[in-house]
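Take a look at the structure below.
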Amino acid sequence: KIRGAFNFLRKVLADPQGARSFVCASAGNHAQGFAFVCRHFGVPGVVFMPVTTPQQKIDKTRMFGGAFIQIRLVGDIFDQCYAAARSHVETTGAMMVPPFDDADIIEGQATVAAEVMDQLPSGSVPDLVILPVGGGGLASGATGFLKDVVASENFLFVEPEGAPSLKKSLLAGEPVTLPKVDNFVDGAAVARIGTLNFERLSGFPPEQVRLIAENAICVTITEMLNLEGVVLEPAGA
């Protein structure tokens, strides 16, 4: 998330006529990256997050952004706070920094795939690439970067059963808005996949999207904590 926000702000601030104040909407992860980057560049930012955002993510966002960010809690899911953020943009003239539906954000998140390839032995290619999906920024960026080295059938996408925005959109052949979202997996609780993200993922069959039950995610979190000593948030699990 830091990489995507950094890439976006870097390009905007390089333009003398570019925006100098920014806004984002986030379930908590994009907010932290956005806050870090606002502080890095020394520009003000306003963060909209759902009221259900875990306190830890709110505190981390405040820590990363310091005096450069304001936090506003609105709505129960990402899509509601995104609407509030857009309204703020219209009334203040600040620039929205999208969490996923933007070419510069996608490009920034694609650097994760570049780092994976750098860490593999020279000349080796991944047998299987599994990507979590919320709004689709990481998935569309990583598949774009790896398209020349990984066959399309060797990508798998995972979504929580309570927020299957990519799966439903692939089945419909166009982006669809889910009528209801389970916000337990807050980092992937998105009712509508990004338009640009869907465009870049639309060539994959819906069978390559696996839906994971929320109770199975709970089991994984517990196992990772008890067996490995690793604390995962639901989207990470």
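The values are calculated or read from the model by the stated rules, or taken from the named source; none is laboratory data. Because the structure is a prediction, the values reported are computed rather than measured. Because the Cβ atoms are built from the backbone with ideal geometry, glycine has one as well, and the counts that use them run over all protein chains shown. Please note that ligands, DNA and RNA were not included when accessible areas were found on the heavy atoms of the full protein model with its side chains. Shrake-Rupley method; radii C 1.70, N 1.55, O 1.52, S 1.80 Å.
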>> Of all residues being out of contact with any Cys (no Cβ under 9 Å at 6 or more places or on another chain) and within 11 Å of F184 (Cα to Cα) in segment 222-237, which is surrounded by the fewest Cβ atoms within 10 Å (Cβ to Cβ)? Just the residue, please.
In response: E233
> Taking interchain pairs and intrachain pairs at least six residues apart, which have beta carbon atoms under 9 angstrom, with the first residue in segment 54-70 and over 25 Å from F184 (Cα atoms) and the second open to solvent by 100 Å² or more (accessible area, probe 1.4 Å) and basic (K, R)?
Replying inline: G65/R39; G66/R39; A67/R39; F68/R39; I69/R39; I69/R62
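For segment 108-118, state whether one or more residues are in contact with a Leu (Cβ under 7 Å, 6 or more places away or on another chain), among the β-branched types (V, I, T) and either open to solvent by 10 Å² or more (accessible area, probe 1.4 Å) or in contact (Cβ under 8 Å) with a residue 24 or more places away in the chain (or both).
Looking only at segment 108-118, we keep the residues that are in contact with a Leu (Cβ under 7 Å, 6 or more places away or on another chain), and these are 109, 112-113.
Subset that is among the β-branched types (V, I, T): 112.
Now drop any that are not either open to solvent by 10 Å² or more (accessible area, probe 1.4 Å) or in contact (Cβ under 8 Å) with a residue 24 or more places away in the chain (or both), which leaves 112.
The answer is yes, given that some residue of segment 108-118 is in contact with a Leu (Cβ under 7 Å, 6 or more places away or on another chain), among the β-branched types (V, I, T) and either open to solvent by 10 Å² or more (accessible area, probe 1.4 Å) or in contact (Cβ under 8 Å) with a residue 24 or more places away in the chain (or both).
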> Of K147, K168, which residue is without any contact (Cβ under 8 Å) to a residue 12 or more places away in the chain and closer than 25 Å to M117 by Cβ?
Replying inline: K147
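Could you look through segment 83-94, keep only residues that are in a helix (DSSP H, G or I) and not polar (S, T, N, Q), and pick out the one that is nearest to A19 (Cα to Cα)? So that I can check it myself, show each step before the final result.
As a first pass, look at segment 83-94 and keep what is in a helix (DSSP H, G or I): 83-92.
Filter once more, so that each one left must be not polar (S, T, N, Q): 83-86, 88-90.
Working: A83: 20, A84: 19, A85: 16, R86: 15, H88: 15, V89: 12, E90: 14 Å.
Checked segment 83-94; the qualifying residue nearest to A19 (Cα to Cα) is V89.
Open to solvent by 70 Å² or more (accessible area, probe 1.4 Å) and modelled with pLDDT under 95 - does that describe any residue in segment 23-32? Before the answer, list the steps.
Taking segment 23-32 and keeping what is open to solvent by 70 Å² or more (accessible area, probe 1.4 Å), we get none.
No, segment 23-32 contains no residue that is open to solvent by 70 Å² or more (accessible area, probe 1.4 Å) and modelled with pLDDT under 95.
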> Here are some residues: R3, R39, R62, R20. Which one is over 25 Å from S140 (Cβ atoms), open to solvent by 40 Å² or more (accessible area, probe 1.4 Å) and touching a Gly at 6+ places or on another chain (Cβ under 6 Å)?
Replying inline: R39
> Applying the selection to segment 203-221, what residues are surrounded by 14 or more Cβ atoms within 10 Å (Cβ to Cβ) and not charged (D, E, K, R)?
Replying inline: F204, P206, Q208, V209, L211, I212, I217, T220, I221
>> Could you list, ordered by first residue, the pairs with Cβ atoms under 6 Å in which the first is in segment 82-94 and within 19 Å of V190 (Cβ to Cβ) and the second is in a loop (DSSP other than H, G, I, E, B) and open to solvent by 30 Å² or more (accessible area, probe 1.4 Å), at least 6 apart or interchain?
In response: A84/V74
> So H88 fits all but one of (1) under 20 Å from F8 (Cβ atoms); (2) open to solvent by 40 Å² or more (accessible area, probe 1.4 Å); what number is the exception?
Replying inline: (2)
> Of the conditions (1) open to solvent by less than 60 Å² (accessible area, probe 1.4 Å); (2) at pLDDT 95 or above; (3) out of contact with any helix residue (DSSP H, G or I) (no Cβ under 7 Å at 6 or more places or on another chain), D186 fails just one. Which one is it?
Replying inline: (2)
>> Among the numbered criteria (1) crowded, with 20+ Cβ neighbours inside 10 Å; (2) over 30 Å from V129 (Cβ atoms), which one does V97 miss?
In response: (2)
> Where residues in segment 65-82 are at pLDDT below 90 and either of a type in the set (V, I, T) or part of a helix (DSSP H, G or I) (or both), which of them is least open to solvent (accessible area, probe 1.4 Å)?
Replying inline: C81
> Of these, F36, F8, which one is in contact with a Phe, Trp or Tyr (Cβ under 7 Å, 6 or more places away or on another chain) and not basic (K, R)?
Replying inline: F36
>> Looking at the structure I just gave you, is P121 at pLDDT 90 or above and either exposed (fewer than 14 other Cβ atoms within 10 Å of the Cβ) or touching a His at 6+ places or on another chain (Cβ under 7 Å) (or both)?
In response: yes
